[in-house]
1. Checking the conditions here, which among TYR386, TYR325 is under 40 Å from the mean Cα position of the chain (by Cα), under 23 Å from VAL256 (Cα atoms) and aromatic (Phe, Trp, Tyr)?
2. Would it be correct to say that THR187 is closer than 29 Å to GLY280 by Cα and not assigned by TED's automatic domain parsing to the domain that holds ARG58?
3. Could you please find all residues in the stretch 213-243 being within 19 Å of SER288 (Cα to Cα) and assigned to a loop (DSSP other than H, G, I, E, B)?
4. Test GLY100 against the criterion of being at pLDDT 95 or above and either surrounded by fewer than 20 Cβ atoms within 10 Å (Cβ to Cβ) or in contact with a Pro (Cβ under 7 Å, 6 or more places away or on another chain) (or both), and give yes or no.
5. Looking at VAL166, VAL184, VAL220, can you tell me which residue is surrounded by 20 or more Cβ atoms within 10 Å (Cβ to Cβ), more than 27 Å from GLN56 (Cα to Cα) and in contact (Cβ under 8 Å) with a residue 12 or more places away in the chain?
6. Please find, among GLN99, GLN84, the residue that is in the same structural domain as GLU26 (by TED's automatic domain parsing), free of Cβ contacts under 8 Å to residues at least 24 places away in the same chain and under 17 Å from SER54 (Cβ atoms).
7. Give the stretch 187-211 a look and list any residue that's small (Gly, Ala, Ser), surrounded by fewer than 24 Cβ atoms within 10 Å (Cβ to Cβ) and part of a strand (DSSP E or B), or say none.
8. Which residues, counting only those in the stretch 95-149, are assigned to a loop (DSSP other than H, G, I, E, B) and hydrophobic (A, V, I, L, M, F, W, C)?
Amino acid sequence: MRRWVLSRRLAAALLAASGSLPAWQETLTREGVYWVQTVSGSESVLPSGRLRVSTQGRVAVTGGDEGQVRYTFVKRVKAKSEAQARTLLGQFVVKSNRQGDLTSIQMAHSSDGAGSAEMQVTAPRTLRDVIVETHGGAVDASGLQGALQAFTGGGRIKLDRIGGAVLARTAGGEISLGAIGGSVRCTSAGGPIRAGSIGGEARFETAGGDIVAREVSGPVQAATAGGAIQIGRAGSTVSVNTAGGSISVGSSEGMVTAETSGGPIQVGKAPGVRCETGAGAIRLSNVSGSLRATTAVGSIIAQLMLGGVPAESLLSTGAGDITVYLPSNLGITIQAQNESAYNLRRIVCDFPSVQVRRQGSAVLAEGAINGGGPVLRLASTGGTIYIKKVSGER
């Protein structure tokens, strides 16, 4: 496991290093029982170079138009006197340097004593790669054109207006993304993940919390150990899984695979669906291609897309109704079975070519619609199966 805390030995080495950059501004003020010291500095950087920021508290990185990196540390300690405060504040060690195209800014604490520090960094927005890591605290970054990696040992991560790929990981906290131009990979040990617009592939994973993404241009993978998943629009395939919660996918240009141990599933426009829930309703709207939807307890509603191309499909529920809306000009073959139904009215079909009959305790329906086509199998126990006709005109 990666160590986010710099050791005492390393912190002391940084303090003693001759390459440490002296502050160009330093102030010390008192706020009640706390003493607050603000230290600012700068370091050169290539416009298209790389930047690494390493600290222990909250950190914010903002892209700007200047050709150098500027940083400000705000240190806070509890002390009875200025002399004691300066001793404690001196344990916060700051070092900046540049090697090749990599500029590094580091802050370490040479003792286990009390105190906190926050860092604010302004860097050229044209940097091709920025890495931000903190032992414990929030990470904020915005206005950068290149790739970004953000790591925190405990705290939220908030990123916006990042032009390249993003890698974000927190040991416990929310991850919030605004506009990201590249691919995204986010992991939280416990907290929700929320995303606005993602320009590439997206992978979201949290040990507990909701996952919400408004728009993803590429494929989407999302998994949570407990929470809802909501994907607004995806430009490719969608694969989502939750141990307990609802799933909603507005529209997708690829196959949608959705699994939940308990909760409803709703999928809008999609060229294919594979979904399963242990307990909950399933609603498929404007779908085509191969459909496979199963629920142990709950109703299923599926509306096939006008002009869509059907494929072999199965809709199955252990306890609930099934309602299917079929375009009147769609060529498809129906095979429906309702167990423990007895009554022929347990399967209701608007298409005369589909014949309903009773077989023992079950009710069956079979027939070819508009000459037949791929088989659509419907299976229910105890509910009612409705096969409804909708206008096939555009």
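The values are calculated or read from the model by the stated rules, or taken from the named source; none is laboratory data. Remember, it's a predicted structure, so these values are computed and weren't measured experimentally. Please note: Cβ atoms are built from the backbone with ideal geometry, for glycine as well, and neighbour counts cover all protein chains shown.
1. After ruling out the rest, the residue left standing is TYR325.
2. yes
3. Passing the criteria: PRO219, GLY235, SER236, THR237.
4. No; evaluated as a whole, the condition is false for this residue.
5. Details: VAL166 fails: more than 27 Å from GLN56 (Cα to Cα); VAL184 fails: more than 27 Å from GLN56 (Cα to Cα).
Step by step, each of VAL166, VAL184, VAL220 is checked, and only VAL220 is surrounded by 20 or more Cβ atoms within 10 Å (Cβ to Cβ), more than 27 Å from GLN56 (Cα to Cα) and in contact (Cβ under 8 Å) with a residue 12 or more places away in the chain.
6. Going through GLN99, GLN84 in turn, just one is in the same structural domain as GLU26 (by TED's automatic domain parsing), free of Cβ contacts under 8 Å to residues at least 24 places away in the same chain and under 17 Å from SER54 (Cβ atoms): GLN99.
7. Listed by number, the residues that qualify are GLY196, SER197.
8. If the condition is that a residue be assigned to a loop (DSSP other than H, G, I, E, B) and hydrophobic (A, V, I, L, M, F, W, C), then ALA114, LEU127, ALA138 are the ones that fit.
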